[in-house]
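The numbers here are math on the coordinates, done by the rules we state, and not lab data. Predicted model, so just to flag it, every value in this text is computed and none were measured. Here the Cβ is made from the backbone with ideal geometry for all residues, glycine too, and neighbour counts use every protein chain on show.
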Amino acid sequence: MNVILLGPPGAGKGTQAKMLVEEYQIPQISTGDILRAAVKEGSPLGKEAKACMDKGELVPDSVVIGIVEERIQQPDCAKGYMLDGFPRTVPQAEALDGMLQNLSSQIDHVVSIEVASEELVGRLTGRRTCRDCGVGFHVMFDPPEQEGVCDKCGGELYQRDDDNVETVTSRLEVYESQTLPLIDYYTAQEKIRPIDGVGDIKEIFGRVTQVLS
Ligand code: AMP
């Protein structure tokens, strides 16, 4: 099963993807995570990506398309995968369709996680992640027992560089102008599965698994 998780930054794509990985035993492919790892390594790809990411802009299509084309052909993707944060533009979606056609494969579902834009800034700027185990918290909605410390492993919590108000605003504008057209793109292919992304995380997970079953 090949799935795309679509939705604005802060909709909960990453959170749902991690739960779906356990449920369906297929990998999560997050272009954001791959790019952040490249930035941390200081690789040429990371250096190119960092400037765009810090401004809340998209990394060039050719860069992310290349990453995904290589990744989906790895052995662990043989039974399917969950694309999280890709495609983000119509040219990326067209390139994905082209590569899947060459591989005699296709996307089965595009889960569109819907959250009103007024809610997103607060969700994003309050996010905190554990440096050691990667678990996510939120300063208002899911605070750790001790500020700055992970409940699960005691690791240090950090805020993503691009989760500040200024960059978040630009990321949301980019979503509206460049990513939202994908709803029409995949509606035309009858692959859009809309999900209400507001509520308890487990409840939302139930809604997602229902449309995938
Ligand atoms: P994310 O973790 O999905 O919120 O992505 C963080 C940042 O990585 C984005 O704001 C972009 O700068 C970059 N990025 C991630 N995925 C893509 C993509 N499919 N196309 C272009 N840029 C991307």
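Counting only residues at least eight positions apart within a chain, or on another chain, the lysines with an alpha carbon under 21 Å from that of residue 50 are 40. Candidate cross-link partners of residue 55 among the aspartates and glutamates, defined by an alpha-carbon separation under 13 Å and a same-chain spacing of 8 or more, comprise 161, 162, 163, 166, 173.
Each Cα pair under 8 Å and six or more residues apart adds its separation to the average, and for the chain the resulting relative contact order is 29 percent. Computed about the Cα centre, the dipole magnitude for the chain is approximately 320 debye when only Lys and Arg (+1) and Asp and Glu (-1) carry charge, each at its Cβ. Here the alpha carbons of the chain define both size measures, Rg and Dmax, at 16.7, 51 Å. Between segment 154-213 and segment 1-50, the C-alpha centres lie 12 angstrom from each other. To the nearest 10 degrees, how steep is helix 201-212 against the longest Cα principal axis of the chain, on a 0 to 90 scale? In the chain, helix 201-212 runs at an angle near 10 degrees to the longest axis.
If contacts are Cα pairs under 8 angstrom and at least 6 residues apart, what is the relative contact order of segment 45-147 in percent? After rounding, I find 13 percent.
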